[in-house]
Amino acid sequence: MPGMLQDAGREPRIGVYICHCGLNIAGVVDVEAVRESARFLQGVAVVRDNRYTCSEVGQKGIADDIKEFKLNRVVIASCSPRLHEKTFRTLMEKSGLNPHLLEMANIREHCSWVHYDDPVAATQKAKDLVRSSVARARLLQPLLRTKGQVLPEVMVIGGGVAGISAALYLGGMGIKTYLVEKEPSIGGHMAMLDKTFPTLDCSLCILSPKMVEVAECENIKILSYSQVEKVEGQVGNFRVQVRRKPRYVNEDKCVGCGDCVAKCPVKVNDEFNRNMGTRKAIYIPFPQAIPPAYVIDDENCRYLTQGKCKICQAVCQRGAIEFDQTDQTETIEVGAIIVATGFEPYDPRGLPEYGYGRFPNVITSLDFERLICADGPTYGKLKRPGDSTVPKRVAFIQCVGSRDQATGCAGYRLDGGTGSRGESTDPKPYCSRVCCMVTAKQAFMVKEKHPDAEVYVYYIDMRTAGKGFEEFYQRGRHEGIVFLRGRPGEVEEKEDGCLRIISEDLDSGCILDLTFDMVVLAQGLIPPGGLGELAQKMNLSRSEDGFLMEGHPKLRPAETAIDGIYLAGCVQFPKDIPDSVAQAGAAAAAAAVTCSKESIEIDPLGPVIDEALCIGCRLCEVLCPYGAIKVEFTDKGPKAKSIEVACKGCGVCGASCSTKAITMKHYTDSQLAAQVKAILEVV
Amino acid sequence: MESVRKKDVPVVTVLDPKFKYEVAREPGGENIKYCFQCGTCTSGCKVAELDSKYNPRKIIKMVILGMRERVLSGDFIWLCATCYTCHERCPQDVRIPEVMNALKNIAVREGYIHPAFRAQAELIAGHGRLYEIDELANEKRTDWGLTEIPQGCPEVAEIYGITGLFDLLSREVGGKT
C-alpha cells in the first residue's frame, strides 16, 4: 500500500489492547490490572481491554483508535498469533498501517491456560509479556511483502486410496498432478484388502476403477516406484527431487502378457501376499496393478545379482526388458504438495506373548485379508497357514498394539528385526479406529464361508462409530459371532498347532479356557517407516502419536502448519476408507485454492546480509536447513546471498553469523534485545 | 464341564456353541443374539433388587457363551417374575421374559424342572387345582347351601396325558423318559 512505509520515521504511538477472550483469559488473569500496567509505558498512546478483541466491535475500536490517536504501532495481548495474527494484520492494512507494525503478546496459551492455578503469577506474567511486546513494538519497522509465483501444479505423495482420490479431484479440476508412489503399483493397502466394511463389497472392485481413471486422466502423471528425496522452496513454488527406481521394464512397451514370468527361474516370497505365497523375480504385484507393467526385483534377479540369465529379455517379444535402466532423479516444480503416505500395520512381534512369528496359526488382520482373498495364496479358501486345514474355531484378538501405553503402537520392545522400524519408543496409547470394524468384518467373512465355524472376538471396547457400522456389528452378533469382553494375556500353542487362550469374560465373570484352530490379531495402525525423514525434508511437525500434525485439529484437518502442504488419509491419523477419501477431497480443494492464485504474497521474514561485514565463512550456508543461503563469489570475495523464495525465516543464519552480517528483517537483534530487557525489568 | 479354581470363579473350558442357536430357535428366544450386554435389564429388575443372584444380563451372556448345563440346571431362569420391565427398556429388543420362557421350556424338556414348579404341577394333577379341597371345606359349603366340589379331577389328568406334561414330569436330567 502506498505511503505505508512512512510510518517508520514518526515517533512510536502505540495502541495496546488486552483481550478477555471471554473467561479464557479474564477467568485467570486480572485484565484490568494488566491494562493499567501498560498505560504509562514509553510510546503507548492508548490502552484498552475488550471482551473479544477479534470480534467486529473489538476490531472497529482499534480502527477508530488508529485514526483518533494517530497510532502507528499496535500491540494485541490475546491468543496465539497462529489464530488471529492474520486478522489483525488485515485490519491494520485496511486502516492504512503497515501490517508488520503489529506485535502480539500471547497471554492465553502462554499464560492463563498454563497457569490457571496461580492467578497472581499469571497476571504478573501477562504484565511482563505486554511490557516486552511494547518494547519490541517501539522498534518495529514497516516491511514490504514480495510476490511469489504460483505454479498451477500439485504433487501427491503416496498412491493409496487417499492419494488416488486427491489426484483424481485435482485432475478433474484441470490441475496438472504428479502422483508419486514408492511401490511398483498404486493402490496402497486398500488393494490388499479382500472386502470392505460395512458393505462387504470387494475392495479392488471399487478401487481398481479409480486406479484406471488415474491412469487415463491426462492431467495426472503417475511416478511409480519412486521416492521423494528432497523438497525445497515454498508455497506456490516447491522444487521436489524424486528418485525413480529402475523397473528394468519399459512401462510403455510392456503389455503385461506374462511370458517373462512363466520363464523366470527365480521364486521368492511374495510381499503383496504377506510372504504367504511366492512370486518370480520379474513380477506384477497384483493383476489390476497400475501402471500395468512388470517390474524386476533387483535384489533377487539372477542376471542383476549374478550376471547371467536374461531369459526374460529373450522371451519378451516387445523388447520391453531394459537391464541398462538406472536410478533417475527428476526435479519437479509444483505449487502445492499433498502428503498421503498412509500407515504401516503394527508388527505384533512387539507383543511376543501372542506368539506371532512363533506360532504359524497366529496371523494378523492383514494376513487374513490375503488368506481369504480370491487372488491370495490359497485362492480364497480359508486355510490355516500351519497345516492348510480349514479352521473350525477362530479367535480374533482386538487392540493388538493399539491402546497400549507399555508396548503398543511404535513402542517396539524388541531390538533388531522388528525393532528397527519404529522411530520412537514412546508409548502411544491411541485407538487405531478401524480395527473393531476390520475384525467384525473378518469374523463375518469366516461365518460367510463356513457357517458352522465358531468365531470368537476378544475385545476391550467395541467402537463402531460410523455410518452402518453399529448395524453391521449387530448383524455379526446375530450371525452367531461371540464377542467376549476381556483382553487375553497370552496365546499358547498346543502340540497339534491349535492355540489355547485363557481370558476373563467380564460379562459372565467366568475364566474362559478355550482352544482355537487359528488366531487373528487385529494389528493397530502406526506411522509408516520413513515418515520422520519425510517430515524433516518438508519441515512438517508430527503429533505425539507420530503421525503428521494437521494445521488445526478441528478447523484445518487437511492442512499443515506449512503453507502449500496438505494432508490426506492415514498419514494424519488412522482412519477408514470413507474418511480417507473425504480428507483427500478437502486436501485437494485446499491445494486447488492455492494453485488458483496468480501469485502469493511472501512474508518478508528473511535475512538481510551486510556484504561489508560478511567474510564468506559459509557457516550460514552449512546450517540453513532449507538451502536458502548460498555463498557466491563476487569481486569483493565470497559473500552470502539469500534465496528469498526458499527461506522460511527460521533465523538460524542470523543467530550463527560470527560477524553479525546477517539481520533477520522482522526479528532484528535490537528488537529482540529490547524485548528481553523489558521482560527482565524489575517493576 | 466346570471346575472351581480359586474360590468361586468358575473356569470354563468346554462350551456348547450351538446352545445360542437352539435358544434362538425356541419361540421367545429369537432375539437373544442381539444382546450387547448393556445391563439395562438388570438395572431395572425387581427380582435382582431382592436377590442379586438373579442377573438377566449374565444369564443371556451365559447362553451366548454356551454354558448350557449351568443355565438349564440353575435356579436363575425360574426366578423371572415376568414383569416385562426389561422387555420395555431393552435397546436391542431381546425380549428377556420371553427368552426366560424359552429357556424354561428347554429346561423342562431336558428334565430340569424347578422343584417348586414340579410340586405345583403335581398338585394340579392330583387335585385339579393348586390346593386340596378337604372334607371340612365341603361341609362348610353344604352349610352355606353350595354343592360339593369333587376331590380330584380326572379331566386335568387327561389333559396332562394329551399335552405330554406327564411325560415331561417323569423325565430325568438329559431328557430321557
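The values are calculated or read from the model by the stated rules, or taken from the named source; none is laboratory data. What you see is a predicted model; the values in this text were computed from it and never measured. Neighbour counts are summed over all protein chains in view; Cβ atoms, including those assigned to glycine, are modelled from backbone coordinates with ideal geometry.
Points worth noting:
- Subset of the range A:502-513 [at negative phi and surrounded by fewer than 17 Cβ atoms within 10 Å (Cβ to Cβ)]: A:Ile502, A:Leu506, A:Asp513
- Tally, over the range A:232-257, of residues that are touching a strand residue (DSSP E or B) at 6+ places or on another chain (Cβ under 7 Å), surrounded by fewer than 22 Cβ atoms within 10 Å (Cβ to Cβ) and of a type in the set (A, V, I, L, M, F, W, C): 2
- If only residues of the range B:8-43 that are modelled with pLDDT under 95 and of a type in the set (A, V, I, L, M) are counted, the one that is farthest from A:Phe516 (Cα to Cα) is B:Val9.
- Test: residue in the range B:44-53 that is at the interface with another protein chain (Cβ under 10 Å from one of its Cβ atoms), at pLDDT 90 or above and in contact with a helix residue (DSSP H, G or I) (Cβ under 8 Å, 6 or more places away or on another chain): no
- Of all residues in the range A:111-132, those that are of a type in the set (Lys, Arg) and either without any contact (Cβ under 8 Å) to a residue 40 or more places away in the chain or outside the structural domain of A:Glu36 (by TED's automatic domain parsing) (or both) total 1.
- One residue stands out in the range A:580-616 among those that are closer than 21 Å to A:Ile337 by Cβ and among the charged types (D, E, K, R): the one that is farthest from the chain's Cα centre (by Cα), namely A:Glu598.
- A:Phe396 satisfies every condition listed in (1) buried (at least 24 other Cβ atoms within 10 Å of the Cβ); (2) assigned to a loop (DSSP other than H, G, I, E, B); (3) over 24 Å from the mean Cα position of the chain (by Cα) except (2).
- Screening the candidates A:Asp576, A:Asp496 for the property of being farther than 30 Å from A:Leu151 by Cα, at pLDDT 95 or above and not assigned by TED's automatic domain parsing to the domain that holds A:Ser432 yields one hit, A:Asp576.
- If you check B:Val63, B:Val47 for being in a helix (DSSP H, G or I) and surrounded by fewer than 22 Cβ atoms within 10 Å (Cβ to Cβ), only one passes: B:Val47.
- Residues located in the range A:620-645, provided they are in a helix (DSSP H, G or I) and crowded, with 19+ Cβ neighbours inside 10 Å: A:Cys620
- Within the range A:322-346, tally of residues that are in contact (Cβ under 8 Å) with a residue 40 or more places away in the chain and more than 21 Å from A:Asp576 (Cβ to Cβ): 15
- Any hit, the range A:488-508, residues being away from chain B (no Cβ under 14 Å), free of Cβ contacts under 8 Å to residues at least 12 places away in the same chain and out of contact with any Pro (no Cβ under 6 Å at 6 or more places or on another chain): yes
- Note on the range A:514-571: residues that are under 30 Å from A:Glu492 (Cβ atoms) and either touching a Gly at 6+ places or on another chain (Cβ under 8 Å) or surrounded by 21 or more Cβ atoms within 10 Å (Cβ to Cβ) (or both) total 12.
- Qualifying position, being over 14 Å from A:Arg108 (Cβ atoms) and either free of Cβ contacts under 8 Å to residues at least 24 places away in the same chain or not charged (D, E, K, R) (or both), among A:Arg73, A:Arg48, A:Arg89: A:Arg89
Condition check ((1) farther than 27 Å from A:Asp461 by Cβ; (2) in contact with a His (Cβ under 9 Å, 6 or more places away or on another chain); (3) of a type in the set (Gly, Ala, Ser); (4) part of a loop (DSSP other than H, G, I, E, B)) across all residues:
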| position | (1), (2), (3), (4) |
| --- | --- |
| B:Pro17 | no, no, no, yes |
| B:Val23 | no, no, no, no |
| B:Glu30 | yes, no, no, yes |
| B:Ile59 | no, no, no, no |
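- Some residue of the range A:606-621 being more than 22 Å from A:Thr146 (Cβ to Cβ) and in contact with an Asp or Glu (Cβ under 8 Å, 6 or more places away or on another chain): no
- Taken over the range A:440-459, the criterion of being within 12 Å of another protein chain (Cβ to nearest Cβ) and in a loop (DSSP other than H, G, I, E, B) is satisfied by A:Pro451, A:Asp452, A:Ala453.
- Conditions (1) closer than 15 Å to A:Lys263 by Cβ; (2) charged (D, E, K, R); (3) assigned by TED's automatic domain parsing to the domain that holds A:Asp387; number of the one not met by A:Arg358: (1)
- Residue identified as out of contact with any strand residue (DSSP E or B) (no Cβ under 9 Å at 6 or more places or on another chain) and away from chain A (no Cβ under 14 Å) among B:Cys80, B:Cys90: B:Cys80
- Criterion (buried (at least 18 other Cβ atoms within 10 Å of the Cβ) and either of a type in the set (Gly, Ala, Ser) or not assigned by TED's automatic domain parsing to the domain that holds A:Ala590 (or both)) met by exactly one of A:Val295, A:Val339: A:Val295
- Per-region count, the range A:354-401, residues within 18 Å of A:Glu490 (Cβ to Cβ) and hydroxyl-bearing (Ser, Thr, Tyr): 3
- Just so you know, in the range A:460-483 the residues that are loosely packed, with under 15 Cβ neighbours inside 10 Å and not in a helix (DSSP H, G or I) include one that is nearest to the other protein chains (Cβ to nearest Cβ), and it is A:Asp461.
- Considered as a group, the residues in the range B:9-23 that are surrounded by fewer than 19 Cβ atoms within 10 Å (Cβ to Cβ) and more than 7 Å from chain A (Cβ to nearest Cβ) include one that is nearest to A:Cys510 (Cα to Cα), and that residue is B:Val14.
- Residue check for B:Tyr34: buried (at least 17 other Cβ atoms within 10 Å of the Cβ), facing chain A (nearest Cβ under 9 Å) and aromatic (Phe, Trp, Tyr): yes
- Sole residue being basic (Lys, Arg), under 24 Å from A:Pro142 (Cβ atoms), more than 30 Å from the chain's Cα centre (by Cα) and surrounded by fewer than 19 Cβ atoms within 10 Å (Cβ to Cβ), chosen from A:Lys648, A:Lys665: A:Lys665
- Among the conditions (1) in a loop (DSSP other than H, G, I, E, B); (2) in contact with a Gly (Cβ under 7 Å, 6 or more places away or on another chain), A:Glu218 misses just one, which is (2).
- Every residue from the range A:179-209 that is in a loop (DSSP other than H, G, I, E, B) and either under 16 Å from A:Gly163 (Cα atoms) or within 21 Å of the chain's Cα centre (by Cα) (or both): A:Glu181, A:Lys182, A:Glu183, A:Pro184, A:Ser185, A:Ile186, A:Gly187
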